[in-house]
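The values are calculated or read from the model by the stated rules, or taken from the named source; none is laboratory data. Everything quoted here is computed from the prediction, not taken from an experiment. Ideal geometry is used to build each Cβ from the backbone, glycine not excepted, and the neighbour counts take in all protein chains shown.
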């Protein structure tokens with residue numbers, strides 16, 4: 001398949017792995033963080049980290065949009081779903097994220113009309129077809145997904161559809177990166193930058209990482225060779241004493257992003273003063289809400305959203321996984337009490353979550369290695 | 001995803017409707033990077 005097969009070439013992978021080995025400084029430990037769930041998935045699916053020398057460690061940041069949703073927002077969503085006349089719609093992953101009193105899937109089993117959709121456009125179609133019901137879309141995701149919600153709202157307004165609202169949980173990538181860089185828990189040497197977010201925002205918003213924190217960042221694609229090349233580019237920067245934003249994913253990411261997408265986001269959304277992230281707490285200006293021009297489409301203004309705040313279960317260490325402080329298998333409940341079939345934490349739900357990706361693709365290899 | 005049909009302003013990729021507002025006009029055979037029902041980048 002074009003754009004895919006040429007980036008999965010095993011021989012080229014071995015060549016890149018050898019280049020990486022020859023670039024690292026013996027005796028130095030390198031800790032690199034990827035901040036996109038798609039990267040995490042690829043790393044475990046293709047065993048990218050198995051090709052790296054032992055002193056190059058990949059840790060996983062808060063890049064999975066489902067994983068960073070706090071339990072309270074799930075509870076809020078369930079409360080809206082139980083309102084009379086509501087059809088509550090969300091992506092499939094979101095249905096299995098635990099709140100403090102269960103999941104959306106369990107709420108559906110109890111009788112709430114909750115439906116899985118593939119895009120907000122599907123939710124809008126339900127609203128168009130059932131004008132007697134109030135259709136709510138549970139919007140999650142970074143700047144990659146927010147344009148889809150924004151364009152759907154523009155379409156709803158253009159068509160005069162009034163029974164459609166959005167429960168907005170969109171987040172932005174730069175504030176949590178800054179929070180991580182300010183964290184005393186974590187020493188990082190560089191970042192693998194998010195490829196799809198960057199198709200929208202471009203590479204420019206990441207310039208603060210080398211400028212303010214002296215760390216390199218390389219925007220990367222999602223195939224195994226993309227990631228190996230990005231790791232190599234970071235290591236070359238460190239070897240040469242450089243700290244820059246580089247773009248490995250030039251075939252898709254323009255340095256300045258997609259101006260039309262940025263205009264649409266600015267028209268439909270505004271920044272919240274603060275937003276709660278699982279594991280990271282409240283981060284200023286890190287979440288989006290609908291602008292006043294779209295107030296009538298805002299579920300938080302149309303419904304009595306309780307605004308629940310809930311602490312994570314004590315056994316769950318998703319917060320530490322999301323901050324890269326521990327690896328998935330170091331969590332106390334990984335693979336025992338917490339599995340993809342019965343997740344306790346969000347990182348075990350989505351295929352982009354570090355725990356689910358590791359459980360599905362890497363667990364048994366590590367067990368063999370340990371034996 | 002590959003555009004399979006364009007009809008009355010609706011763009012279909014393998015029977016799934018895709019919004020193409022961010023990439024301009026498309027034609028059958030064009031390849032798009034699609035996320036949550038919106039084309040973010042034209043690949044071809």
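When segment B:1-23 is filtered for residues that are surrounded by fewer than 20 Cβ atoms within 10 Å (Cβ to Cβ), in a strand (DSSP E or B), more than 8 Å from chain A (Cβ to nearest Cβ) and in contact (Cβ under 8 Å) with a residue 12 or more places away in the chain, the ones remaining, listed by number, are B:2, B:5, B:6. Scanning segment A:333-351 for residues that are at pLDDT 90 or above, farther than 22 Å from residue A:175 by Cβ and in contact with a strand residue (DSSP E or B) (Cβ under 9 Å, 6 or more places away or on another chain) yields one hit, A:348.
The listed residues are A:147, A:120, and the only one of them that is within 11 Å of another protein chain (Cβ to nearest Cβ), buried (at least 21 other Cβ atoms within 10 Å of the Cβ), within 18 Å of the chain's Cα centre (by Cα) and over 23 Å from residue A:202 (Cβ atoms) turns out to be A:120.
Select from segment A:127-140 the residues that are surrounded by fewer than 22 Cβ atoms within 10 Å (Cβ to Cβ) and part of a helix (DSSP H, G or I) and write down the one among them that is nearest to the other protein chains (Cβ to nearest Cβ). The qualifying residue nearest to the other protein chains (Cβ to nearest Cβ) is A:128. Of everything in segment A:150-181 that is within 14 Å of chain B (Cβ to nearest Cβ) and within 18 Å of residue A:259 (Cβ to Cβ), the residue that is surrounded by the most Cβ atoms within 10 Å (Cβ to Cβ) is A:150. Checked against the criterion of being farther than 15 Å from residue A:303 by Cβ, at pLDDT 95 or above, out of contact with any strand residue (DSSP E or B) (no Cβ under 8 Å at 6 or more places or on another chain) and in a helix (DSSP H, G or I), the candidates A:181, A:154, A:105, A:124 yield just one match: A:154. Within this structure, residue B:26 passes the test of being more than 10 Å from chain A (Cβ to nearest Cβ), within 20 Å of residue A:144 (Cβ to Cβ) and without any contact (Cβ under 8 Å) to a residue 24 or more places away in the chain.
When the residues of segment B:29-43 are narrowed to those that are over 9 Å from the mean Cα position of the chain (by Cα) and either more than 7 Å from chain A (Cβ to nearest Cβ) or part of a strand (DSSP E or B) (or both), which ends up surrounded by the fewest Cβ atoms within 10 Å (Cβ to Cβ)? Among those residues, the one meeting the criterion is B:29.
Scan segment A:57-91 for residues that are assigned to a loop (DSSP other than H, G, I, E, B) and at pLDDT 95 or above and the total you get is 5.
For (1) under 15 Å from residue A:226 (Cα atoms); (2) more than 14 Å from chain B (Cβ to nearest Cβ); (3) modelled with pLDDT of 95 or more, each residue gets a yes or a no:
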{"site": "A:2", "(1), (2), (3)": "yes, no, no"}
{"site": "A:30", "(1), (2), (3)": "no, yes, yes"}
{"site": "A:38", "(1), (2), (3)": "yes, no, no"}
{"site": "A:46", "(1), (2), (3)": "yes, yes, no"}
{"site": "A:51", "(1), (2), (3)": "yes, yes, no"}
